[in-house]
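J.: What follows is a single structure, and I will ask about it in a moment.
The values are calculated or read from the model by the stated rules, or taken from the named source; none is laboratory data. This is a predicted model, so every value here is computed, not measured. Using ideal geometry, Cβ is built from the backbone for each residue, glycine included, and neighbour counts are taken over all protein chains shown. Keep in mind that these areas ignore ligands, DNA and RNA; they rest on the heavy atoms of the full protein, side chains included. Shrake-Rupley method; radii C 1.70, N 1.55, O 1.52, S 1.80 Å.
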Amino acid sequence: VQLQASGGGLVQPGGSLRLSCVTSGITFTTMDWYRQAPGKQREVVATITPGGFTLYDDSVKGRFTISRDKAVDTLYLQMSSLKPEDTAVYYCHGRTAPPVVRDYWGQGTLVTVSS
């Protein structure tokens, strides 16, 4: 089972980035993007359910969009109007369905928002 995240980088405030997370080896139900800023706990940023319902943390609502292309087993996070406080390592996360519920994590991709 693999979750391979990519797309991070250095961007100026107000800029945009798109993160991708390619999955292989297993089918996930709910998938999420988390982030962890220096010195802070990991927090959920956006969630997408199997039916396509999406949820966002208030701090990114209206600026980030989570999506999923099941045909290519890829999870995306489109980020726009980026702020310095969005600087963090971003992780994709997937959960398997019952009867064996397990959590899997990607390796993380660093997003730095700075002028």
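J.: For the stretch 58-75, which positions are under 18 Å from A88 (Cβ atoms) and either among the aliphatic types (A, V, I, L, M) or surrounded by 15 or more Cβ atoms within 10 Å (Cβ to Cβ) (or both)?
T.: Listed by number, the residues that qualify are V60, R63, F64, T65, I66, L75.
J.: Considering only the stretch 39-56, how many residues are modelled with pLDDT under 95 and crowded, with 17+ Cβ neighbours inside 10 Å?
T.: 0
J.: Of the residues in the stretch 1-38, how many are open to solvent by 30 Å² or more (accessible area, probe 1.4 Å), small (G, A, S), at pLDDT 95 or above and over 11 Å from the mean Cα position of the chain (by Cα)?
T.: 2
J.: Scan the stretch 78-93 and tell me whether some residue there is in a strand (DSSP E or B) and out of contact with any Lys or Arg (no Cβ under 8 Å at 6 or more places or on another chain).
T.: Yes; the residues of the stretch 78-93 include at least one that is in a strand (DSSP E or B) and out of contact with any Lys or Arg (no Cβ under 8 Å at 6 or more places or on another chain).
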